[in-house]
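Beneath this line is the structure, given in structure tokens, with notes to follow.
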Amino acid sequence: MRLIAPGDAEYPTGLFDLEDPPSIWVNGSFRTDPGVAIVGTRKCTRYGVGLADSFGAMLSRVSWTVVSGLARGIDAAAHRGCLAASGHGVAVLGSGIDVCYPAENRPIYDSLVGSGGAIVSEYPPGTPPDRWRFPARNRIIAAMSAAVVVVEAHAKGGALITARLAAEIGRPVFVVPGDVDRPASEGCNRLIKDGAHPVLGTDDLLAELELILGPAHRP
């Protein structure tokens, strides 16, 4: 566990796109591979969980880092897919680096660090997971990623905040469309209406990301 400040050799360069780049606490290791954020609602559907898992696994198989927030639902599914494919993942917390929230995701936390990934937070060790800290942490998720993928999102929620912050700093936002009467897709469909890129599965996402990140490593 260590504190990394702007200007340190290990500091993620994407964070310099933020207006006030924060120092960050880190448990684990970074890699130079491009990062892609997979985010979404905690109150997701089984369909959304399956997609997030598949996206996390696909990104890992082509050696791109999976970035998310370790929350219930879509975030946790993306991390599980990443770990199942022996990938590299980064989880950004809305609490202290030593406070795993929710506690049920402790196995994911430990596995990310144990497999060479990293846990990141701008908050000092011991900081509780107060609700107001999570919107702030979403800007770090966006800045540490070359692109953001929203799998499922309600009309209001953290995934929409991450998408907005990503667009503000020039990160492309990809969104999974859904049924127009499904609450978990309402935010996604609105993002698409407002100009986000729809993505229709793992192959489609990979093709879109290769236009941004260059050819993927195909084992």
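The values are calculated or read from the model by the stated rules, or taken from the named source; none is laboratory data. None of these values were measured; they are calculated from a predicted model. Cβ sites come from the backbone with ideal geometry, for glycine too, and all protein chains shown count toward neighbours. Keep in mind that these areas ignore ligands, DNA and RNA; they rest on the heavy atoms of the full protein, side chains included. Shrake-Rupley method; radii C 1.70, N 1.55, O 1.52, S 1.80 Å.
Some notes on this structure:
- Compared with the dominant Cα axis of the chain, that is its longest principal axis, helix 183-193 is turned about 80°.
- Sites A136 and R46, calculated FRET efficiency, Cβ-Cβ separation with R0 25 Å, nearest 0.05: 0.25
- In degrees, nearest ten, helix 133-143 long axis to first principal axis of the chain (Cα): 80 degrees
- In the context of the full set of protein chains, residues of segment 1-157 present 39 Å² of accessible surface per residue (probe radius 1.4 Å, heavy atoms only).
- Residues in segment 25-67 that a label on I169 would reach, taking backbone N under 13 Å of a point 7 Å out along Cα→Cβ: 35-37
- For the chain, the calculated P(r), taken from all Cα-Cα distances in 5 Å bins from zero up to the bin holding the longest distance, is 1, 8, 17, 22, 22, 17, 9, 3, 0, 0 percent.
- Ellipticity at 222 nm from helices only: DSSP H runs of n ≥ 4 in the chain, each -39500 (n - 2.57), divided by the residue count, give -11500 deg cm²/dmol.
- All other residues whose Cβ lies under 14 angstrom from that of E10 are scored, Lys and Arg at +1 and Asp and Glu at -1, for a net of +1.
- Mean separation of Cα contacts under 8 Å (6+ apart) over length of the chain, as relative contact order %: 21 percent
- Net charge over other residues, Cβ less than 15 angstrom from the Cβ of I192 (K, R count +1; D, E count -1): -2
- Of the solvent-accessible surface of the chain, computed with a 1.4 Å probe and all protein chains present, 53% belongs to carbon and sulfur.
- Using only side-chain charges placed at the Cβ, +1 for Lys and Arg and -1 for Asp and Glu, the dipole size of the chain relative to its Cα centre rounds to 440 debye.
- Taking amide hydrogens as placed 1.01 Å from N in the peptide plane, the amide H of V67 sits under 5 Å from those of V36, A37, I38, V90, each at least 5 positions away in sequence or on another chain.
- Potential extension, F16-D98 segment - 0.36 nm per residue separation minus Cα distance: 27.1 nm
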